[in-house]
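Here's the structure we're looking at; comments come further down.
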Amino acid sequence: MPAPLTGGCLCGAIRYTADAEVTALRACHCRNCQKHTGTGGSVNAVVPSAAFRITKGATKRYDDSATQSGRVLSRHFCPECGSPVFSQRNPDAGFVVIRAGTLDDSSRMKIATHIWTATAPAWVHIDPATERHPGNMPPPPPKS
């Protein structure tokens, strides 16, 4: 098992670990991620909920019910410095979406997928070699 991922906010008040291996990142260009980050969207590492835990501090939570997908997304951020740290569907869908910029080391990761590209600003570069979706990710195929 690889070493756990670690990370935290800008001021250090929030720290976390995730016992999961992540190599591929997902960029979200929905309007709410643009507003939440103040830029062209968010870049994220998706990990199982059971693998993620806060090890220092407590986040503040904003329940975003105006998402383009129609789902409630709980956005967690540092109450001291305002850094967006992670988000999670409400109710929990079994995964946590960590903001890649909060990871201590993301050097082996790269963006593999872009979602909500239909609302990406014209000034955002989306690598044509990556997987792209104009809306959300399609549902996984049914298990046989």
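With respect to being in a loop (DSSP other than H, G, I, E, B), modelled with pLDDT of 95 or more, open to solvent by less than 30 Å² (accessible area, probe 1.4 Å) and not aliphatic (A, V, I, L, M), Gly7 falls outside the description. Check segment 37-53 and report whether any residue there is assigned to a strand (DSSP E or B), surrounded by 15 or more Cβ atoms within 10 Å (Cβ to Cβ) and over 14 Å from the mean Cα position of the chain (by Cα). No; the residues of segment 37-53 include none that is assigned to a strand (DSSP E or B), surrounded by 15 or more Cβ atoms within 10 Å (Cβ to Cβ) and over 14 Å from the mean Cα position of the chain (by Cα). Among residues of segment 18-30 that are in contact (Cβ under 8 Å) with a residue 60 or more places away in the chain, those with a beta-carbon under 6 Å from a residue that is of a type in the set (Ser, Thr, Tyr) and buried (at least 22 other Cβ atoms within 10 Å of the Cβ) at least six positions away or on a different chain give the pairs Cys28/Ser42.
Kindly evaluate Pro128 against the criterion of being in a loop (DSSP other than H, G, I, E, B) and more than 30 Å from Cys11 (Cβ to Cβ). Taking the combined requirement at face value, the residue satisfies it.
Inside segment 63-95, residues that are in contact with a Leu (Cβ under 9 Å, 6 or more places away or on another chain), part of a strand (DSSP E or B), surrounded by 14 or more Cβ atoms within 10 Å (Cβ to Cβ) and not basic (Lys, Arg) make up a count of 4. Against the conditions (1) over 13 Å from Leu103 (Cα atoms); (2) of a type in the set (S, T, N, Q); (3) open to solvent by 60 Å² or more (accessible area, probe 1.4 Å); (4) in contact (Cβ under 8 Å) with a residue 60 or more places away in the chain, Gln34 satisfies every one except (3). Against the list (1) open to solvent by 50 Å² or more (accessible area, probe 1.4 Å); (2) touching a His at 6+ places or on another chain (Cβ under 6 Å), the condition Arg108 fails is (2).
The values are calculated or read from the model by the stated rules, or taken from the named source; none is laboratory data. Small disclaimer: the values here were computed from a predicted structure and weren't measured. Here Cβ is always computed from backbone atoms with ideal geometry, including for glycine, and neighbour counts include all displayed protein chains. Note: accessible area is taken over every heavy atom of the protein model, side chains too, but ligands, DNA and RNA are not part of it. Shrake-Rupley method; radii C 1.70, N 1.55, O 1.52, S 1.80 Å.
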